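Undergrad: Questions regarding the structure given below will be posed in turn.
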Amino acid sequence: MKSILTILGAWMLVIVSPFASAQSQGAITFETKINMHRNLPQEREAMKDRIPEFRTTRQILTFNDTESLYKPLIDEQDDMAAAGNGGQMVIMRTPQNQTYLNTAEAKKVSLREFMGKNYLIHDSLTILPWKFGNGTKVIQGYTCRQAFYTDEKTNKTTVAWYTDQLRPSLGPDNYNSLPGAVLEVDFDNGLRITKATKVELRNLKKNDLVQPAKGEKVTEKEYQELIAEQMKKMGNGNFIIRN
């Protein structure tokens, strides 16, 4: 039986390899649209008059056959500020976060920017508890299939659309554990939608895909505790909305 499985695996590799190698390098541009009004607490309702309803940013996902890097486009240095009553200041800033994956080494490195400081989180690859739907749609010329999962802690659902016409384990940020490339993600029924606006299959330049290396090394737990502590310190004065 082991010999049969080995032969079958080798046969599948022969079939897939020519297709995969032709599609193994490139870049996917994404646009993320966030509803800034929907989750404002009741005591912040007046802020709707001072901030836009939707916040739109762009990101790029570069990839080869084993690595990928997801980061903001460099032209997204578009901090916005608006003054409110009592000198209150609202700042909308695009954090310079990056997510690097290496499937050959089962490794993930996340660069997270918070309060003007960079943090590096090293972790192994994880697989989200996806379920598969029957829906299909075409995104940037690629036929995509539907997958979804519901977070048990928050009860919020994420719907992803992925294509097996591009390599597996590829997608924006943490949405990269499906048998194809994720080209659209809808988090919490439109609260945040990330969608591919351009797919380029091309050879990468030298610095297109580099693992993040500068920042204070912390665990995911330590980073979340840091955020929670900073949020406690934010009172009725200046505060930051981050996407």
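The values are calculated or read from the model by the stated rules, or taken from the named source; none is laboratory data. Note that this is a predicted model, so its numbers are computed, not measured. Cβ sites come from the backbone with ideal geometry, for glycine too, and all protein chains shown count toward neighbours. The area values use the complete protein model at the heavy-atom level, side chains included, leaving out ligands, DNA and RNA. Shrake-Rupley method; radii C 1.70, N 1.55, O 1.52, S 1.80 Å.
Undergrad: Starting from the stretch 111-134, keep only residues that are farther than 16 Å from N176 by Cβ, then list their pairs with residues that are among the polar types (S, T, N, Q) and surrounded by fewer than 14 Cβ atoms within 10 Å (Cβ to Cβ) whose Cβ atoms are within a distance under 7 Å, requiring at least 6 positions of separation or different chains.
TA: Qualifying pairs under 7 Å: M115/Q230.
Undergrad: Exactly one condition in (1) in contact (Cβ under 8 Å) with a residue 12 or more places away in the chain; (2) over 25 Å from T66 (Cα atoms); (3) open to solvent by 80 Å² or more (accessible area, probe 1.4 Å) is not met by K153; state its number.
TA: All conditions pass for K153, except number (1).
Undergrad: Can you name the residue in the stretch 163-192 that is of a type in the set (G, A, S) and open to solvent by 10 Å² or more (accessible area, probe 1.4 Å) and, of all such residues, is nearest to Y142 (Cα to Cα)? Break it down into steps so the answer makes sense when it comes.
TA: Residues of the stretch 163-192 of a type in the set (G, A, S): 169, 171, 177, 180-181, 190.
Those still in the list that are open to solvent by 10 Å² or more (accessible area, probe 1.4 Å) too: 169, 177, 190.
Details: S169: 16, S177: 18, G190: 22 Å.
Going through the qualifying residues, I end up with S169.
Undergrad: Please pick out the residue among L111, L178 that is outside any strand (DSSP E or B) and of a type outside the set (F, W, Y).
TA: The unique qualifying residue is L178.
Undergrad: Something else: How about the stretch 114-127: which of its residues are open to solvent by 40 Å² or more (accessible area, probe 1.4 Å) and either of a type in the set (F, W, Y) or closer than 24 Å to P95 by Cα (or both)? Walk me through it before giving the result.
TA: Step one: of the stretch 114-127, the residues open to solvent by 40 Å² or more (accessible area, probe 1.4 Å) are 115-118, 122-127.
Selection gives M115, G116, K117, N118, H122, D123, S124, L125, T126.
Undergrad: Additional query: Name every residue in the stretch 162-179 that is touching a residue at least 24 places away in the same chain (Cβ under 8 Å) and acidic (D, E), in order of residue number. Even if it seems obvious, please write down each step before you answer.
TA: Residues of the stretch 162-179 that are touching a residue at least 24 places away in the same chain (Cβ under 8 Å), as a first pass: 163, 165-167, 169-178.
Within the stretch 162-179, D173 is the sole residue that qualifies.
Undergrad: State which residue pairs qualify: first residue on the phi < 0 side of the Ramachandran plot and inside the stretch 199-210, second residue exposed (fewer than 11 other Cβ atoms within 10 Å of the Cβ) and at pLDDT below 95 in any location, beta carbons under 8 Å apart, and separation of 6 or more residues or different chains.
TA: L201/A22
Undergrad: When you check R145 against the structure, is it basic (K, R), open to solvent by 60 Å² or more (accessible area, probe 1.4 Å), in contact (Cβ under 8 Å) with a residue 24 or more places away in the chain and within 28 Å of V199 (Cβ to Cβ), yes or no?
TA: Spelling it out, R145 is indeed basic (K, R), open to solvent by 60 Å² or more (accessible area, probe 1.4 Å), in contact (Cβ under 8 Å) with a residue 24 or more places away in the chain and within 28 Å of V199 (Cβ to Cβ).
Undergrad: Step by step: first the residues of the stretch 206-223, then only those that are open to solvent by less than 90 Å² (accessible area, probe 1.4 Å) and assigned to a helix (DSSP H, G or I), then the one that is nearest to N118 (Cα to Cα). Which residue is that? I'd like the intermediate steps shown before the answer.
TA: First pass over the stretch 206-223, keeping only residues open to solvent by less than 90 Å² (accessible area, probe 1.4 Å): 208-213, 215-216, 218-220, 223.
Now drop any that are not assigned to a helix (DSSP H, G or I), which leaves 220, 223.
Working: E220: 13, Y223: 11 Å.
Selected residue: Y223.
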